[in-house]
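Inspection log for the structure reproduced underneath, given as structure tokens.
The values are calculated or read from the model by the stated rules, or taken from the named source; none is laboratory data. Values in this document were obtained by computation on a predicted structure and should not be read as measured data. Quick reminder, even Gly has a Cβ in these numbers, built from the backbone with ideal geometry, and neighbours come from all protein chains shown. To get the accessible areas, we keep the full protein, side chains included, count just its heavy atoms, and leave off ligands, DNA and RNA. Shrake-Rupley method; radii C 1.70, N 1.55, O 1.52, S 1.80 Å.
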Amino acid sequence: MKKKVLWAIITLLLSILTIYALFYNSGLSLPELLQDIKEASPMWLIPAALCMLGYIFFEGRSLVLILRTLGYPAKKRQGFLYASADIYFSSITPSATGGQPASAYFMHKNGISAVVVTVSLILNLTMYTLAIITLGLISLIFFPHIFLEFALPCKIMILIGIAAMGILLSFFLILLKKQSILLSIGNIIVKIIHKLHFKTAAEKFKHKLDNMIEKYNECVVTLAGKKKLLVKTYFLNLFQRIAQILVTVFCYYAMHGNLADGLKIFIIQTYVVIGSNFIPVPGAVGISEFLMFFGYTMLLSEEAAYTLAILGRGISFYTCSIISIFTVILGYIMIRYKRIHRNNEGIK
């Protein structure tokens, strides 16, 4: 918990420094920014906000489908909670997968076994990564000229992002297909426990490990036989990423941008997501904003590019994080309430 609080503070400080740097470099004053936002069209800000919510919803829906397939009747609102926990804690930790333990915590509290939680999160992460790679490859194949317009440091980050996602995807696929790797890791732990002369503990752990691997294999086999589920999960993750990117497109339209340039903004933002997604900075704060600025100046003046970067990130990241943490707090309160209620019923 202390580490989470520390990273939350670091993220806040980075956000403040980033916004300050954007204002300082652009010469844009706060009153001017507020005036630009005030003049933005609500007709386009509303779909931007809906896409931000869709970013949470689609991940939650994907997790619910996987859990239901594995025999757990998860509800849509629970999926929204799991996704919110993942999104918020990923945003305050220096890792794209930093929110998985928080998501796993709420799944466990809802009575879902550790093995099912593990398989569900790994499969969803696999599809999530595959969705980003899909958008990245489409952008590079059909819109290479936009990539070439980025500054050299931006190009390097984008290429590193694609490579990192490819490696991560391979790692997740290996975990899903090669249970022997997990078994090998577990056996190493067992040997260490033995060497520490805790033979009884080692035997118990070995027994639990064998059962876990058996159940893990059963879950993977079940999911592998559900081709339609895999396709649906992939597309839900693809829709999640598209929804996140569309936030910026609608913000561009809200700033009275040219409708014909919406696709170009979408591709630019796709490159931004790829280039910042695996940078070890909480929420890619600072990295995303400056990649956005360099990308948007292909179409906009510096002042307009800064305004769009602040408005787009304000909705897609900061507002999304606020909604996610409120959802997490509410979910935690509900879990505590149910536990207290059950204890009271047990006393009666």
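Quick notes on this structure:
- Answer from 148, 173, 135 - the residue that is open to solvent by 40 Å² or more (accessible area, probe 1.4 Å) and modelled with pLDDT of 90 or more: 148
Rundown of residues vs (1) touching a residue at least 12 places away in the same chain (Cβ under 8 Å); (2) of a type outside the set (Ser, Thr, Tyr); (3) in contact with a Pro (Cβ under 6 Å, 6 or more places away or on another chain); (4) crowded, with 21+ Cβ neighbours inside 10 Å, yes/no style:
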residue: 242; (1), (2), (3), (4): yes, yes, no, no
residue: 245; (1), (2), (3), (4): yes, yes, no, yes
residue: 249; (1), (2), (3), (4): yes, yes, no, yes
residue: 252; (1), (2), (3), (4): yes, no, no, yes
residue: 255; (1), (2), (3), (4): yes, yes, no, no
residue: 261; (1), (2), (3), (4): yes, yes, no, no
residue: 266; (1), (2), (3), (4): yes, yes, no, no
residue: 272; (1), (2), (3), (4): yes, yes, no, yes
residue: 276; (1), (2), (3), (4): yes, no, no, yes
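- Residue count, the stretch 87-119 (criterion: under 15 Å from residue 62 (Cα atoms), polar (S, T, N, Q) and free of Cβ contacts under 8 Å to residues at least 60 places away in the same chain): 2
- Looking only at residues of the stretch 312-329 that are open to solvent by 40 Å² or more (accessible area, probe 1.4 Å) and aromatic (Phe, Trp, Tyr), we find that the one that is farthest from residue 83 (Cα to Cα) is 318.
- If the condition is being within 15 Å of residue 225 (Cα to Cα) and charged (D, E, K, R), then the stretch 49-71 contributes only 68.
- Residue in the stretch 112-121 that is under 30 Å from residue 77 (Cβ atoms) and loosely packed, with under 15 Cβ neighbours inside 10 Å present: yes
- Qualifying positions in the stretch 53-84 - hydrophobic (A, V, I, L, M, F, W, C) and either farther than 21 Å from residue 132 by Cβ or open to solvent by less than 10 Å² (accessible area, probe 1.4 Å) (or both): 56, 63, 64, 66, 67, 70, 74, 80, 81, 83
- Per-region count, the stretch 38-78, residues small (Gly, Ala, Ser), within 17 Å of residue 108 (Cα to Cα) and modelled with pLDDT under 95: 2
- Pairs with Cβ under 6 Å, 6+ apart, first in the stretch 26-46 and surrounded by fewer than 17 Cβ atoms within 10 Å (Cβ to Cβ) and part of a loop (DSSP other than H, G, I, E, B), second at pLDDT 80 or above and of a type in the set (Asp, Glu): none
- Boolean, residue 129 is surrounded by fewer than 20 Cβ atoms within 10 Å (Cβ to Cβ), touching a helix residue (DSSP H, G or I) at 6+ places or on another chain (Cβ under 7 Å) and among the β-branched types (Val, Ile, Thr): no
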